[in-house]
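Every read-out reported here was derived from the displayed coordinates using simple, explicitly stated rules and does not represent laboratory data. As the structure is a computational prediction, the values presented were derived from the model and not from experiment. Using ideal geometry, Cβ is built from the backbone for each residue, glycine included, and neighbour counts are taken over all protein chains shown.
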Amino acid sequence: MVAWVVSDMKAFNRRKELADAISKYVLVDTYGKHGMKCQKRWECFKVLSKQYKFYLSFENNNCEGYITEKFFVNALGYGMVPIVYGASREEFYNRAPPNSYIHVDDFENVEELTKYLQYLDKNDTAYATYFAWKEHGEILLWPRVDCRVCGMLHHSLQGKVPLPRNSYWDYYNKSITCSAKSRIKF
């Protein structure tokens, strides 16, 4: 049901512990350095997307604005619904296609999250809603400059413009931009 490709099990935000807690309720297959072997990176995700509905898009830190290829390429790019942990709900709302992901902080605990995954696994109509965004756009790995400008204008009209930081130091100071806290209990 759920795939996770991970190279580093040690993370500031305890993502391994969260993945382990989820695996007590639903099947989570781990691939990578500490899990099952998979083919070359892109071939691996082609294979996984045919076997799994969900992908653990767990960042190694819960940092402001830190949404990586784990989300955009590994999950959305290969047609799996990302279960996200890292950036806040607000950050994903402002940067991701609408209704394209499941944020762990939308649930009180892991059991509630996994019951929802089981529901989606059995309900194709509900599961399909996570792909409705594809009718309005696509993920471009190397977008043209004019596409980026249009996207920025579109987001600014919707009030989705990220606030500028006060300084370079603010962006890279983890104590300001990162947190180990999460709403979900595990």
Legend entry - Zero-based 10 Å bins, Cα pair distances in the chain, whole percents: 9, 35, 37, 18, 2
Inset, instruction - Evaluate the distance, in nm, between pseudo-label points positioned 7 Å from the Cα of His136 and of His34 along their respective Cα→Cβ axes. - result: 3.8
Legend entry - Per-residue Cβ neighbour rank within 10 angstrom, fewest leading, Trp42, Trp4: Trp42, Trp4
Inset, instruction - Give a quick list of trypsin sites (Lys or Arg not before Pro) in segment 1-92 that DSSP marks as loop, anything other than H, G, I, E or B, with at most 14 other Cβ atoms within 10 Å. - result: Lys10, Lys24, Lys33, Lys37, Lys40
Inset, instruction - List, in the order given, every pair from Lys134/Lys185; Lys16/Lys115; Lys10/Lys134; Lys40/Lys181; Lys16/Lys40; Lys33/Lys53 whose Cα-Cα distance in the structure shown is over 30 Å. - result: Lys134/Lys185; Lys10/Lys134; Lys40/Lys181
Inset, instruction - With a point put 7 Å past each Cα toward its Cβ, work out how far Lys115 is from Gln51 in nm, to one decimal. - result: 3.0
Inset, instruction - Show that you can apply the helix-only estimate: for the chain, add -39,500 (n - 2.57) for every DSSP H stretch of four or more residues, divide by all residues, and state [θ] at 222 nm to the nearest 500. - result: -10000 deg cm²/dmol
Inset, instruction - Subtracting the Cα-Cα distance from 0.36 nm times the residue separation, let me have the gained length for Val149 to Ala126 in nm, one decimal. - result: 5.0 nm
Legend entry - Per-residue Cβ neighbour rank within 10 angstrom, fewest leading, His155, His103: His155, His103
Inset, instruction - Could you list the square roots of 5 times each eigenvalue of the Cα gyration tensor of segment 1-55, that is, the equivalent ellipsoid semi-axes, sorted largest first and rounded to whole Å? - result: 19, 14, 8
